[in-house]
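Asks: Here's a structure for you.
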Ligand code: FES
Ligand code: FES
């Protein structure tokens, strides 16, 4: 067992975990943050995507020990004061959610994209979500949802992210 400290969605968490436990298991099983989904567990599907120290990672491939001291953002940390994040709203408005299994990871990849590139074109959006597989939507609505937030941002100088 090892002791680790994480800052998850702004909350400091001190935990004692098995050395081989993944960040995905810590989030889901120790912290109850089940918005981060368990899919393939081999880094292929992106369902487990979270943002760690500002970059997206597949949490199934990160050991909890490697994440010691890190800042983690999961889907549960996006909404503020009960208000959905603009990307969450856009996914709903564009019917970009069907079964919803890919949605948390997809949205976090989009958050990361818009933070480093506020005005991506369609190619850049598709590249950014290339590691997030969706079996339901065909991606069109997802791309449209992300695009709509980027366009809104272009026409609105307020910092919406
Ligand atoms: S569960 Fe991590 S990439 Fe599929
Ligand atoms: S909405 Fe079902 S996998 Fe994407």
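Asks: State all residues of the range 55-82 that are surrounded by fewer than 18 Cβ atoms within 10 Å (Cβ to Cβ) and free of Cβ contacts under 8 Å to residues at least 40 places away in the same chain; if no residue qualifies, say none.
Replies: Within the range 55-82, 61, 79, 80, 81, 82 meet the criteria.
Asks: Among 11, 3, which is the only one that is without any contact (Cβ under 8 Å) to a residue 12 or more places away in the chain and more than 16 Å from ligand 1 (Cβ to nearest atom)?
Replies: 11
Asks: Confirm whether residue 32 is outside the structural domain of residue 130 (by TED's automatic domain parsing), outside any strand (DSSP E or B) and within 25 Å of residue 114 (Cα to Cα).
Replies: no
Asks: Among the residues of the range 130-144, what is the count of those that are under 15 Å from the mean Cα position of the chain (by Cα) and more than 9 Å from ligand 2 (Cβ to nearest atom)?
Replies: So the count comes out to 2.
Asks: Let me ask something else about it. If I filter the range 64-73 for residues that are at pLDDT 95 or above and farther than 26 Å from residue 115 by Cα, do I get at least one hit?
Replies: Yes, the range 64-73 contains at least one residue that is at pLDDT 95 or above and farther than 26 Å from residue 115 by Cα.
Asks: Residues 68, 95: which one is within 16 Å of ligand 2 (Cβ to nearest atom) and more than 16 Å from the chain's Cα centre (by Cα)?
Replies: 95
Asks: Take residues that are touching a strand residue (DSSP E or B) at 6+ places or on another chain (Cβ under 7 Å) and within 16 Å of ligand 1 (Cβ to nearest atom) and tell me which of the helices (runs of 4 or more DSSP H) falling wholly in the range 54-161 contain 1 or more.
Replies: The helices (runs of 4 or more DSSP H) meeting that bar are 103-116.
The values are calculated or read from the model by the stated rules, or taken from the named source; none is laboratory data. Note that the structure is a prediction, hence the values are computed from the model and not measured. When we count neighbours, we look across all protein chains shown, and the Cβ atoms used for this are built from the backbone with ideal geometry, even at glycine.
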